[in-house]
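Worksheet for the structure shown next.
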Amino acid sequence: MVNIEKVHGSQNSFFLLDQTELARPLTISELQRLAVEIADPQTGLLGGSDGLLVVQPADNTQALAQMRIFNKDGSQALMCGNGLRTVARYLAEKYHQHEFWVQTAAANLRVKQYPALGAGVPAFSVEIAPVSFTQASVGWQHLQTSKIINQKLPQLSADLKFTAVAVPNPHLISFVTNIHAAHPSLAYLGRKLNEVNPYFPNGVNVSFAQILGPNKLFVETYERGVGFTNACGTGMSAASLAGYLAAPEQVTVDKLLTIYNPGGFVKTKIHHTKTDYWLELIGNATVIAKLQVPEELLHQARFKQEQIKVMPTDEQEAYLKLIAAK
């Protein structure tokens, strides 16, 4: 039997699999198939998820371990801020460390345990980097601009202004005055730019954000390879930076920001060095349930419920109590 976990950060949910615990690690194609099957809301486990997080040995000596992310459609993501917090917690508990590095597809990132957000709500802080505004990093075409920072893109909208930034996942962010009223526009734009289109041929994460007050935002994201999620960690981080660039009188560098989302809230902090930016994302790392699964079922990506042992925790109840009080 293999232990896996269902986890979430801001109710952006995942299954977490530690490949180092397997007798025979899954291949890339097996992991892709597993992600599609386990995440399916109808036929997957425990109501599905937004994707699959995979822990495996690092390729370098600086990092304690490596994280790979598979979206619910089987595609791989460069980074996942909400997922990294849950992986950080898993590794902290496994190796009894409170601060260390985790290898991701783009960089080794520093993670550390953070004071609990509330009773029964463990929290971690993770580095979001590298940050880039280049066309090559974000991946747009035919928009007649070499950088997109708080500017109109008539090819996409007659009214909205956009900022494009990679953190390292590519993000397109627009600030709106009423995010709930703008939801249909976000749905339309998110689908359009993640289907076959001339502007973002590889797709892009699209976020709408609303400034609620000084250093306080609400962010909603249509995520590449997933669709609408309760929260997108890199999206909230990218929106924090976009907010600073668009409205520095409202969004401040080197101070904690509160970012609300459909799944709860996180804290972010923008760091500005002489040469670049990096971001810090702080939030819950919740274990919904622990499961024991026969290893062969993972290789087959087939789940026989009678062969799986599910051990729910009380952490989801604690998290929901926390966000209800906010």
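The values are calculated or read from the model by the stated rules, or taken from the named source; none is laboratory data. Every value quoted in this text rests on a predicted model; they were computed, and no experiment measured them. Because the Cβ atoms are built from the backbone with ideal geometry, glycine has one as well, and the counts that use them run over all protein chains shown.
Kindly indicate which of Thr273, Thr268 is of a type in the set (Val, Ile, Thr) and surrounded by 13 or more Cβ atoms within 10 Å (Cβ to Cβ).
Numbers: Thr273 fails: surrounded by 13 or more Cβ atoms within 10 Å (Cβ to Cβ).
Just a single option satisfies the conditions, and that option is Thr268.
Which members of region 37-50 meet the condition of being closer than 17 Å to Glu223 by Cβ and either among the hydroxyl-bearing types (Ser, Thr, Tyr) or surrounded by fewer than 19 Cβ atoms within 10 Å (Cβ to Cβ) (or both)? Before you say what the answer is, go through the steps one by one.
First pass over region 37-50, keeping only residues closer than 17 Å to Glu223 by Cβ: 39-41, 48-50.
Residues satisfying the conditions are Asp40, Pro41, Gly48, Ser49.
Within region 305-326, restricting attention to residues that are among the hydrophobic types (A, V, I, L, M, F, W, C) and assigned to a loop (DSSP other than H, G, I, E, B), which residue is surrounded by the fewest Cβ atoms within 10 Å (Cβ to Cβ)?
Just the residues of region 305-326 that are among the hydrophobic types (A, V, I, L, M, F, W, C), to begin with: 308, 310-311, 318, 320, 322-325.
Within this subset, residues satisfying the condition of being assigned to a loop (DSSP other than H, G, I, E, B) are 308, 325.
Details: Ile308: 16, Ala325: 7.
Selected residue: Ala325.
What about Ala105, is it aliphatic (A, V, I, L, M), at pLDDT below 95 and within 24 Å of Ile4 (Cα to Cα)? First the steps, then the outcome.
Numbers: aliphatic (A, V, I, L, M): yes; at pLDDT below 95: yes; within 24 Å of Ile4 (Cα to Cα): yes.
Here the answer is yes, as Ala105 does meet what is asked.
Looking at (1) in contact with a helix residue (DSSP H, G or I) (Cβ under 6 Å, 6 or more places away or on another chain); (2) assigned by TED's automatic domain parsing to the domain that holds Thr221, which one does Gly120 not meet, given that it meets all the others?
Of (1) in contact with a helix residue (DSSP H, G or I) (Cβ under 6 Å, 6 or more places away or on another chain); (2) assigned by TED's automatic domain parsing to the domain that holds Thr221, only one is false for Gly120: (2).
Suppose we keep only residues that are surrounded by 21 or more Cβ atoms within 10 Å (Cβ to Cβ) and free of Cβ contacts under 8 Å to residues at least 60 places away in the same chain within region 195-214. Which one would you say is nearest to Asp40 (Cα to Cα)? Don't jump to the end; show me each part of the working.
Here is the first cut: in region 195-214, the residues surrounded by 21 or more Cβ atoms within 10 Å (Cβ to Cβ) are 200, 204-209.
Checking which are free of Cβ contacts under 8 Å to residues at least 60 places away in the same chain leaves us with 205-209.
Details: Asn205: 21, Val206: 22, Ser207: 24, Phe208: 26, Ala209: 28 Å.
The qualifying residue nearest to Asp40 (Cα to Cα) is Asn205.
Consider Leu172 carefully, then state whether it is modelled with pLDDT of 95 or more, in a strand (DSSP E or B), of a type outside the set (D, E, K, R) and over 18 Å from Thr258 (Cα atoms). So that I can check it myself, show each step before the final result.
Details: modelled with pLDDT of 95 or more: yes; in a strand (DSSP E or B): yes; of a type outside the set (D, E, K, R): yes; over 18 Å from Thr258 (Cα atoms): yes.
It is true that Leu172 is modelled with pLDDT of 95 or more, in a strand (DSSP E or B), of a type outside the set (D, E, K, R) and over 18 Å from Thr258 (Cα atoms).
Can you name the condition, by its number, that Leu84 falls short on among (1) in a helix (DSSP H, G or I); (2) free of Cβ contacts under 8 Å to residues at least 40 places away in the same chain; (3) not β-branched (Val, Ile, Thr)?
So Leu84 meets the others, but not (2).
Every residue, every condition in (1) outside the structural domain of Gly9 (by TED's automatic domain parsing); (2) under 21 Å from Ala166 (Cα atoms); (3) part of a strand (DSSP E or B), yes or no:
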residue	(1), (2), (3)
Lys255	yes, no, no
Lys269	yes, yes, yes
Lys274	yes, yes, no
Ala289	no, no, yes
Phe303	no, no, no
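From (1) in a loop (DSSP other than H, G, I, E, B); (2) in contact (Cβ under 8 Å) with a residue 60 or more places away in the chain, pick out the condition that doesn't hold for Ser237.
(1)
Taking the condition of being surrounded by fewer than 20 Cβ atoms within 10 Å (Cβ to Cβ), assigned to a loop (DSSP other than H, G, I, E, B), over 17 Å from the mean Cα position of the chain (by Cα) and hydrophobic (A, V, I, L, M, F, W, C), how many residues in region 95-149 meet it?
Residues that pass the stated criteria total 4.
Provide a single number: the residues in region 150-194 that are surrounded by fewer than 19 Cβ atoms within 10 Å (Cβ to Cβ) and under 15 Å from Ser137 (Cβ atoms).
0
Gln144: modelled with pLDDT under 95 and farther than 30 Å from Pro25 by Cα, yes or no?
Working: modelled with pLDDT under 95: yes; farther than 30 Å from Pro25 by Cα: yes.
Yes: the conditions hold for Gln144.
Is there a residue being in a strand (DSSP E or B), touching a residue at least 60 places away in the same chain (Cβ under 8 Å) and within 20 Å of the chain's Cα centre (by Cα) anywhere in region 25-48? Step through it out loud before you land on a result.
Let us first name the residues in region 25-48 that are in a strand (DSSP E or B), namely none.
No: zero hits.
Hey, could you check region 51-89 for residues that are of a type in the set (Ser, Thr, Tyr) and surrounded by fewer than 21 Cβ atoms within 10 Å (Cβ to Cβ) and say which is nearest to the chain's Cα centre (by Cα)? Give the derivation first.
From region 51-89, those of a type in the set (Ser, Thr, Tyr) are 61, 75, 86; that's our starting set.
Subsequent filtering for residues that are surrounded by fewer than 21 Cβ atoms within 10 Å (Cβ to Cβ) retains 61, 75.
Values: Thr61: 25, Ser75: 14 Å.
Top of the filtered list is Ser75.
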